[in-house]
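So the structure is just underneath, and the comments pick up after that.
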Amino acid sequence: EGGDDPIRYGLWWHETMERLPWLADEATLDDYGAKALASAEAQGIGPRAGEEWRRLRASAPWRDLRDPRWKRRAEIGIFAPLRTDAWIDGVIDLLLHDPAAGEVWVVDWKTNRRHGDESDADFLARLVAEYAPQLSAYGQCLAGFFAGCRVRRLVYSSVAGQWSDVPDQKF
């Protein structure tokens, strides 16, 4: 019980992001964050949750994610054909769609820890390399669902408070 359990923390982060009122005013977001952090504290993960919540709210991705142009869907189960001989089965953490601009972004929340003294750049590069197949598969499926839209694949690290684009890998 307690401690920095990675599964407990990952679940807290994903649940917090799933219910986040992206377009709310600052007071509402402060209240939402306080409740989420109280839940984290009760689970023994409060210090890390507080640090990473503050890091998200101060980040450049935060401003992009809150842009009112987006239609948002969180924690979307996907079971779809990837190609004629393969299917994909997974959960998209956050989907952003701007029909007017013809854009779809898929955001994958990562609560992974750094290895040793990795720099932000090295850490993000490792996450991109590790999760590129998953995000490429999601992106290829989304291109079929949102015909004509440009698809951007992003890994957001709660530890670094940054995100990085994931290049497409064709299967």
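Under 10 Å from the Cβ of residue 159, count the other residues' Cβ atoms, weight Lys and Arg +1, Asp and Glu -1, and hand me the total. Mind showing how you got there, number by number?
Details: positive: 48, 55, 110, 113, 114; negative: 51, 52, 118, 120.
Residues close to residue 159 contribute a combined charge of +1.
Looking at the stretch 109-171, the trypsin sites (Lys or Arg not before Pro) that sit in a DSSP loop and have at most 15 other Cβ atoms within 10 Å of their own Cβ are 113, 114, 170. Ranking 164, 45, 11 by Cα position along the charge dipole of the chain, where only Lys, Arg, Asp and Glu carry charges on their C-beta atoms, puts 164 farthest toward the positive end. How large is the helix-only mean residue ellipticity at 222 nm for the chain, computed as the sum of -39500 (n - 2.57) over DSSP H runs with n ≥ 4, divided by its residue count, in deg cm²/dmol to the nearest 500? That comes out to -14500 deg cm²/dmol. Structural size metrics of the chain, computed from C-alpha coordinates, are Rg and Dmax of 16.4, 50 Å.
In the complete set of protein chains, residue-level accessible area for residue 59 is approximately 10 Å², probe 1.4 angstrom. In the context of the full set of protein chains, residues of the chain present 51 Å² of accessible surface per residue (probe radius 1.4 Å, heavy atoms only).
Across the stretch 90-95, rounded Karplus estimates of 3J(HN,Hα) from the backbone phi angles (6.51 cos²θ - 1.76 cosθ + 1.60, θ = phi - 60°) give x, 10, 7, 5, 8, 10 Hz, Gly and Pro being marked x. Remark on residue 169: its backbone amide H falls under 5 Å from those of 136, a criterion applied only to residues 5 or more positions apart or on other chains, H modelled at 1.01 Å from N. Normalised by the number of residues in the chain, the mean separation of alpha-carbon contacts (under 8 Å, six or more apart) gives a relative contact order of 20 percent.
Using a Förster distance of 35 Å, how high is the FRET efficiency between residue 145 and residue 19, based on the Cβ-Cβ distance and rounded to 0.05? Please report the intermediate quantities before stating the final value.
Working: r = 24 Å, r/R0 = 0.68.
E(calc), rounded to 0.05, equals 0.90.
How large, in percent, is the carbon and sulfur part of the accessible surface of the stretch 96-155 at a probe radius of 1.4 Å?
Values: 1380 of 2570 Å².
Of the solvent-accessible surface of the stretch 96-155, carbon and sulfur hold 54 percent.
Principal-axis analysis of the Cα atoms of the chain puts helix 120-145 at an angle of about 50° to the longest axis.
Report the FRET efficiency, 1/(1 + (r/R0)^6), for residue 100 and residue 4, where r is their Cβ-Cβ distance and R0 is 35 Å, rounded to 0.05. Don't skip to the end; give the middle numbers.
Working: r = 42 Å, r/R0 = 1.20.
It comes out at approximately 0.25.
The C-alpha atoms of the chain define a longest principal axis, and helix 26-42 lies at about 70 degrees to it.
Name the residue farthest towards the positive end of the dipole of the chain from the options 124, 105, 91, assuming +1 on Cβ of Lys and Arg, -1 on Cβ of Asp and Glu, about the Cα centre. Among 124, 105, 91, the one farthest towards the positive end of the dipole of the chain is 105. How big is the stretch 93-138 by the Kirkwood estimate over distinct Cα pairs, in Å? Answer for the stretch 93-138: a Kirkwood hydrodynamic radius of 12.3 Å.
The 3J(HN,Hα) values that the Karplus relation (6.51, -1.76, 1.60; θ = phi - 60°) gives for the stretch 44-55 are, in residue order, x, 10, x, x, 5, 4, x, 4, 6, 5, 4, 5 Hz. Gly and Pro appear as x. Mind jotting down the distance between the C-alpha centroids of the stretch 138-171 and the stretch 53-100, whole Å? The distance from the Cα centre of the stretch 53-100 to that of the stretch 138-171 comes to 8 Å. Around the amide H of residue 78, modelled in the peptide plane, lie the amide H atoms of 90, 91, 92, all under 5 Å away and 5 or more residues distant in sequence or on another chain. Each residue of the stretch 4-21 is assigned a 3J(HN,Hα), and the resulting list reads 9, 5, x, 6, 4, 5, x, 5, 4, 4, 4, 5, 5, 5, 4, 9, 4, x Hz, derived from the Karplus form 6.51 cos²θ - 1.76 cosθ + 1.60 (θ = phi - 60°), x at Gly and Pro.
Under a 1.4 angstrom probe, counting protein chains only, how are 76, 7, 92 ranked by accessible area, largest first? Write out the running numbers ahead of the final one.
Values: 76 45, 7 125, 92 5 Å².
Ranking 76, 7, 92 by accessible area, largest first, yields 7, 76, 92.
The three principal axes of the Cα atoms in the stretch 55-151 give end-to-end lengths of 43, 36, 20 Å, sorted in falling order. Charging the Cβ of each Asp and Glu at -1 and of each Lys and Arg at +1, and nothing else, the dipole of the stretch 65-171 about its Cα centre rounds to 320 debye.
The values are calculated or read from the model by the stated rules, or taken from the named source; none is laboratory data. Keep in mind that what you see is a predicted model, and the values were worked out from it rather than measured. Counting neighbours? That spans all protein chains shown, and the Cβs are built from the backbone with ideal geometry, glycine included. Areas reflect the complete protein model, heavy atoms only, side chains present, ligands, DNA and RNA absent. Shrake-Rupley method; radii C 1.70, N 1.55, O 1.52, S 1.80 Å.
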